[in-house]
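> Before anything else, here's the structure in question.
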Amino acid sequence: FAEAVRLTTAERTAVNERVTKLRDRLLEGLAASVEGLHETAPRALRVPGNAHVCIEGVEAEALLFLLEAGGVLASAAASCSSGALETSHVLQAMRVPAEWARGSVRLSLGASSIDDDVDRVLDVLPAAVERLRTHGGG
């Protein structure tokens, strides 16, 4: 049993390191390509697979529709909002401005995530934001 725990812990550490690198590449790529994108928490305080951002000038629900059409699944708001349409109490407590929180999106990475997944988001999300800002929906 002790050996199984040791192996699992070693594997988890390696997976967390890999997923953290993917998450950081995703956030850096989004920050470079989406004006008005704000990370909601310092990366050092996040779990490895969490990429929660707020995007000025877009509505999250419209963005999610375009992301899904492009093969990217994401969630609106914070996980603590559980489907509510109003700004989550956590984002409010973090003093995230309401106009940013309307564009709140959570992208999750996990053990099965690969570079191609990050590349897809970096291709689809900036284009979706631009489309919403240009043609409405934000």
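The values are calculated or read from the model by the stated rules, or taken from the named source; none is laboratory data. Since the model is a prediction, treat every value here as computed from it, not as a measurement. All Cβ positions, even for glycine, are placed from backbone atoms using ideal geometry, and neighbour counts span all protein chains on display. Each accessible area value is taken on the protein alone, full model and side chains, heavy atoms only, with ligands, DNA and RNA left out. Shrake-Rupley method; radii C 1.70, N 1.55, O 1.52, S 1.80 Å.
> Quick check on packing: order 33-39, 108-114 by the mean number of other C-beta atoms within 10 Å, highest mean leading.
33-39, 108-114
> Here is a follow-up. What percentage of the solvent-accessible surface of the chain, computed with a 1.4 Å probe over protein heavy atoms, is contributed by carbon and sulfur atoms? Let's see the in-between values first.
Numbers: 4370 of 8030 Å².
Here carbon and sulfur together make up 54 percent of the probe-accessible area.
> Is any residue of segment 1-41 close enough, with backbone N under 13 Å, to a label point placed 7 angstrom from the Cα of Glu130 along the Cα-Cβ axis, and if so, which?
33-35
> To the nearest 500 deg cm²/dmol, what mean residue ellipticity at 222 nm is calculated for the chain from DSSP H runs of n ≥ 4 alone, each contributing -39,500 (n - 2.57), summed and divided by the residues?
The helix contribution divided over the chain gives -17000 deg cm²/dmol.
> Quick one: P(r) of segment 1-46 from all Cα-Cα pairs, 10 Å bins, percents rounded to integers, in order of increasing distance.
23, 36, 22, 13, 5, 0
> Grab the Cα-Cα distance for Glu17 and Asp119, subtract it from 0.36 nm times how many residues apart they are, and report the gain in nm with one decimal. Kindly include the intermediate steps, with their values, before the conclusion.
Details: separation 102, 0.36 × 102 = 36.72 nm, distance 1.84 nm.
Gain on extension, Glu17 to Asp119, equals 34.9 nm.
> Let me ask you something else. Only one of the listed values, (i) 29, 18, 13; (ii) 28, 23, 15; (iii) 26, 16, 14, was derived from the coordinates as semi-axes √(5λ) of the Cα gyration tensor in Å; which label is it?
(i)
> Note the full-extension length gain between Glu68 and Gln92 as 0.36 nm times their separation in residues minus their Cα-Cα distance, in nm to one decimal. Write down the numbers at each step before the final one.
Details: separation 24, 0.36 × 24 = 8.64 nm, distance 2.68 nm.
Full extension of this stretch gives 6.0 nm more.
> Another question about this same structure. Between Ala2 and Arg43, how high is the FRET efficiency from 1/(1 + (r/R0)^6) when r is the Cβ-Cβ distance and R₀ = 35 Å? Nearest 0.05.
Working from the Cβ atoms, E equals 0.60.
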